[in-house]
Amino acid sequence: MKKKTGAVLCAAGTAILALNALVPASAAPPEKTDTTWLMGEVAHVGTLDGFAGNSHLISFFARTTGSGDATVVNFDCPAGEMPSWDPDSGCETLGAVGMYGDALEVHIDKQLANGSVSGEVRVYLGETDHGEPLWGETFQLEAVMAGTGDAVVTREHQDGFRHWSKDRPASATSGHLGDMDLAGAVGNLGHLKESFKY
(Lines give C-alpha, C1' and ligand atoms only; values in the text may rest on other atoms or scores of the structure.)
Protein backbone atom coordinates (compact mmCIF):
# COMPACT_ATOMS: atom_id res chain seq x y z
CA MET A 1 0.00 0.00 0.00
CA LYS A 2 1.33 3.43 -0.93
CA LYS A 3 0.34 6.83 0.42
CA LYS A 4 1.51 10.30 -0.52
CA THR A 5 2.92 12.88 1.82
CA GLY A 6 3.04 16.64 1.56
CA ALA A 7 6.05 16.97 3.88
CA VAL A 8 8.51 17.76 1.13
CA LEU A 9 11.54 19.96 1.51
CA CYS A 10 10.88 21.69 -1.81
CA ALA A 11 13.41 24.40 -1.07
CA ALA A 12 16.18 21.94 -0.23
CA GLY A 13 17.80 22.11 -3.65
CA THR A 14 17.72 25.91 -3.68
CA ALA A 15 19.07 26.11 -0.13
CA ILE A 16 21.99 23.81 -0.88
CA LEU A 17 22.91 25.68 -4.04
CA ALA A 18 22.61 29.03 -2.30
CA LEU A 19 25.24 28.07 0.28
CA ASN A 20 27.83 29.17 -2.27
CA ALA A 21 26.93 32.73 -1.31
CA LEU A 22 28.51 32.18 2.09
CA VAL A 23 31.99 31.40 0.70
CA PRO A 24 34.47 34.15 1.57
CA ALA A 25 35.75 36.28 -1.31
CA SER A 26 39.29 35.05 -0.79
CA ALA A 27 38.23 31.40 -1.14
CA ALA A 28 37.17 31.47 -4.79
CA PRO A 29 37.42 33.60 -7.93
CA PRO A 30 34.31 35.23 -9.43
CA GLU A 31 31.94 32.56 -10.64
CA LYS A 32 28.49 31.93 -12.06
CA THR A 33 25.90 29.29 -11.30
CA ASP A 34 23.10 28.33 -13.67
CA THR A 35 21.21 25.20 -12.62
CA THR A 36 17.80 23.76 -13.49
CA TRP A 37 16.43 20.79 -11.57
CA LEU A 38 13.45 18.67 -10.64
CA MET A 39 12.81 16.92 -7.36
CA GLY A 40 10.14 14.94 -5.60
CA GLU A 41 9.34 12.81 -2.57
CA VAL A 42 6.73 10.14 -1.90
CA ALA A 43 5.85 8.05 1.14
CA HIS A 44 5.48 4.28 0.93
CA VAL A 45 3.71 2.33 3.66
CA GLY A 46 4.64 -1.35 3.71
CA THR A 47 7.78 -3.38 3.21
CA LEU A 48 10.09 -2.96 0.22
CA ASP A 49 12.19 -5.85 -1.04
CA GLY A 50 15.83 -5.27 -0.10
CA PHE A 51 15.12 -2.38 2.29
CA ALA A 52 14.71 -2.37 6.06
CA GLY A 53 11.57 -1.29 7.87
CA ASN A 54 7.88 -1.17 7.11
CA SER A 55 7.54 2.46 6.00
CA HIS A 56 9.72 4.56 3.69
CA LEU A 57 10.34 8.01 2.25
CA ILE A 58 11.58 7.86 -1.35
CA SER A 59 13.06 11.00 -2.88
CA PHE A 60 14.88 12.00 -6.06
CA PHE A 61 16.73 15.07 -7.34
CA ALA A 62 18.11 15.60 -10.87
CA ARG A 63 19.76 18.47 -12.73
CA THR A 64 19.80 19.19 -16.46
CA THR A 65 23.58 18.71 -16.27
CA GLY A 66 22.88 14.98 -15.93
CA SER A 67 23.78 14.58 -12.27
CA GLY A 68 21.32 13.52 -9.63
CA ASP A 69 20.53 11.28 -6.70
CA ALA A 70 17.82 9.27 -5.02
CA THR A 71 17.34 8.29 -1.39
CA VAL A 72 15.24 5.73 0.43
CA VAL A 73 14.88 6.50 4.13
CA ASN A 74 13.76 3.45 6.10
CA PHE A 75 11.46 3.67 9.11
CA ASP A 76 9.99 1.15 11.52
CA CYS A 77 6.52 2.53 12.31
CA PRO A 78 3.38 1.27 14.04
CA ALA A 79 1.49 -0.95 11.59
CA GLY A 80 0.03 1.04 8.70
CA GLU A 81 1.52 4.37 9.78
CA MET A 82 3.09 6.89 7.42
CA PRO A 83 6.85 7.46 7.84
CA SER A 84 7.59 10.41 10.08
CA TRP A 85 10.57 12.25 11.58
CA ASP A 86 8.42 13.28 14.56
CA PRO A 87 9.74 11.49 17.68
CA ASP A 88 6.17 11.30 19.00
CA SER A 89 4.93 9.43 15.92
CA GLY A 90 6.15 6.07 17.13
CA CYS A 91 8.39 5.71 14.07
CA GLU A 92 12.06 4.79 14.42
CA THR A 93 14.52 5.83 11.71
CA LEU A 94 16.53 2.84 10.52
CA GLY A 95 18.86 4.71 8.19
CA ALA A 96 18.98 5.80 4.57
CA VAL A 97 20.17 4.29 1.32
CA GLY A 98 21.74 6.90 -1.00
CA MET A 99 22.06 6.48 -4.76
CA TYR A 100 23.87 8.65 -7.28
CA GLY A 101 23.91 9.08 -11.04
CA ASP A 102 26.01 11.24 -13.34
CA ALA A 103 24.61 10.35 -16.79
CA LEU A 104 20.91 11.02 -16.34
CA GLU A 105 18.73 12.36 -19.16
CA VAL A 106 16.90 15.34 -17.70
CA HIS A 107 14.55 17.56 -19.69
CA ILE A 108 12.79 20.60 -18.22
CA ASP A 109 10.92 23.21 -20.26
CA LYS A 110 11.77 26.90 -19.84
CA GLN A 111 8.48 27.70 -18.14
CA LEU A 112 9.04 24.93 -15.56
CA ALA A 113 5.66 23.50 -16.52
CA ASN A 114 6.96 19.94 -16.92
CA GLY A 115 10.11 17.87 -16.73
CA SER A 116 11.42 14.34 -16.86
CA VAL A 117 14.37 12.26 -15.71
CA SER A 118 15.60 8.91 -16.99
CA GLY A 119 18.72 6.93 -16.20
CA GLU A 120 20.58 4.76 -13.73
CA VAL A 121 21.56 5.54 -10.15
CA ARG A 122 23.89 3.37 -8.07
CA VAL A 123 23.79 2.68 -4.36
CA TYR A 124 26.72 4.31 -2.57
CA LEU A 125 28.23 1.92 -0.03
CA GLY A 126 31.11 4.07 1.22
CA GLU A 127 34.81 4.34 0.38
CA THR A 128 37.78 2.03 0.16
CA ASP A 129 40.88 2.56 2.30
CA HIS A 130 42.28 4.55 -0.66
CA GLY A 131 39.27 6.90 -0.77
CA GLU A 132 37.66 5.36 -3.84
CA PRO A 133 33.85 5.01 -3.83
CA LEU A 134 32.26 1.61 -3.36
CA TRP A 135 29.11 1.03 -5.41
CA GLY A 136 26.27 -1.42 -4.92
CA GLU A 137 23.08 -2.24 -6.78
CA THR A 138 21.97 -0.18 -9.77
CA PHE A 139 18.39 1.14 -10.01
CA GLN A 140 16.57 2.64 -12.97
CA LEU A 141 15.17 6.09 -12.17
CA GLU A 142 12.26 7.31 -14.31
CA ALA A 143 9.92 10.17 -13.51
CA VAL A 144 7.69 12.64 -15.34
CA MET A 145 6.88 15.83 -13.42
CA ALA A 146 4.11 18.35 -14.05
CA GLY A 147 3.79 21.81 -12.54
CA THR A 148 0.89 22.10 -10.12
CA GLY A 149 0.94 25.78 -9.20
CA ASP A 150 2.26 29.21 -10.05
CA ALA A 151 5.97 29.82 -10.32
CA VAL A 152 7.59 32.08 -7.73
CA VAL A 153 10.49 34.28 -8.86
CA THR A 154 13.02 35.63 -6.34
CA ARG A 155 15.62 38.30 -7.13
CA GLU A 156 18.44 39.70 -5.03
CA HIS A 157 21.34 42.03 -5.87
CA GLN A 158 23.77 43.13 -3.19
CA ASP A 159 27.51 43.82 -2.99
CA GLY A 160 28.44 42.02 -6.20
CA PHE A 161 26.11 39.11 -5.53
CA ARG A 162 23.22 38.54 -7.93
CA HIS A 163 20.56 35.93 -7.32
CA TRP A 164 17.62 34.93 -9.52
CA SER A 165 15.53 31.84 -8.91
CA LYS A 166 12.26 30.46 -10.18
CA ASP A 167 10.40 27.64 -8.43
CA ARG A 168 7.18 25.89 -9.38
CA PRO A 169 5.45 23.23 -7.27
CA ALA A 170 5.19 19.95 -9.16
CA SER A 171 4.15 16.34 -8.81
CA ALA A 172 5.18 13.15 -10.57
CA THR A 173 2.49 11.99 -12.99
CA SER A 174 4.37 8.70 -13.41
CA GLY A 175 7.68 7.15 -12.46
CA HIS A 176 9.60 4.50 -10.64
CA LEU A 177 12.88 3.86 -8.84
CA GLY A 178 13.58 0.23 -9.56
CA ASP A 179 10.30 -1.45 -8.58
CA MET A 180 9.25 1.44 -6.32
CA ASP A 181 6.37 3.57 -7.60
CA LEU A 182 7.05 7.33 -7.76
CA ALA A 183 3.67 8.39 -9.17
CA GLY A 184 2.23 11.15 -6.99
CA ALA A 185 5.59 12.25 -5.58
CA VAL A 186 5.42 15.95 -4.71
CA GLY A 187 8.26 18.41 -5.08
CA ASN A 188 9.23 21.20 -7.45
CA LEU A 189 10.81 22.28 -10.70
CA GLY A 190 13.42 24.99 -10.21
CA HIS A 191 15.93 27.21 -11.97
CA LEU A 192 18.68 29.10 -10.15
CA LYS A 193 21.05 31.73 -11.51
CA GLU A 194 23.69 33.31 -9.30
CA SER A 195 26.79 35.33 -9.99
CA PHE A 196 29.53 36.55 -7.71
CA LYS A 197 31.81 39.49 -8.49
CA TYR A 198 34.37 40.61 -5.92
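The values are calculated or read from the model by the stated rules, or taken from the named source; none is laboratory data. What you see is a predicted model, and the numbers here were worked out from it, not measured in a lab. Every residue, glycine as well, gets a Cβ built from its backbone with ideal geometry; the counts of neighbours run over all protein chains shown. For accessibility, only protein heavy atoms count, side chains too; no ligands or nucleic acids. Shrake-Rupley method; radii C 1.70, N 1.55, O 1.52, S 1.80 Å.
For the reader, a short list of remarks on this structure follows.
- Solvent-accessible area per residue, Å², over segment 152-191 with all protein chains present [probe radius 1.4 Å]: 49
- Applying a DSSP loop filter and a limit of 12 other Cβ atoms within 10 Å to the trypsin sites (Lys or Arg not before Pro) in segment 102-198 leaves Lys110, Lys197.
- Cβ-Cβ distance of Asp109 and Trp135, R₀ of 25 Å, FRET efficiency by 1/(1 + (r/R0)^6): the value works out to about 0.15.
- By a 1.4 Å probe calculation restricted to protein chains, His157 has an accessible surface near 120 Å², given to the nearest 10.
- Projection of the Cα convex hull of segment 32-107, averaged over all directions and equal to a quarter of that hull's surface, yields 6.3 nm².
- Residues with amide H under 5 Å from that of Gly46, placed H, sequence gap 5 or more: Ser55, His56
- Relative contact order [Cα under 8 Å, 6+ residues apart], segment 53-198, whole percent: 16
- 3J(HN,Hα) along segment 46-62: x, 6, 10, 4, x, 10, 6, x, 10, 7, 8, 10, 10, 10, 8, 8, 9 Hz, from the Karplus curve 6.51 cos²θ - 1.76 cosθ + 1.60 with θ = phi - 60°, whole Hz, x for Gly and Pro.
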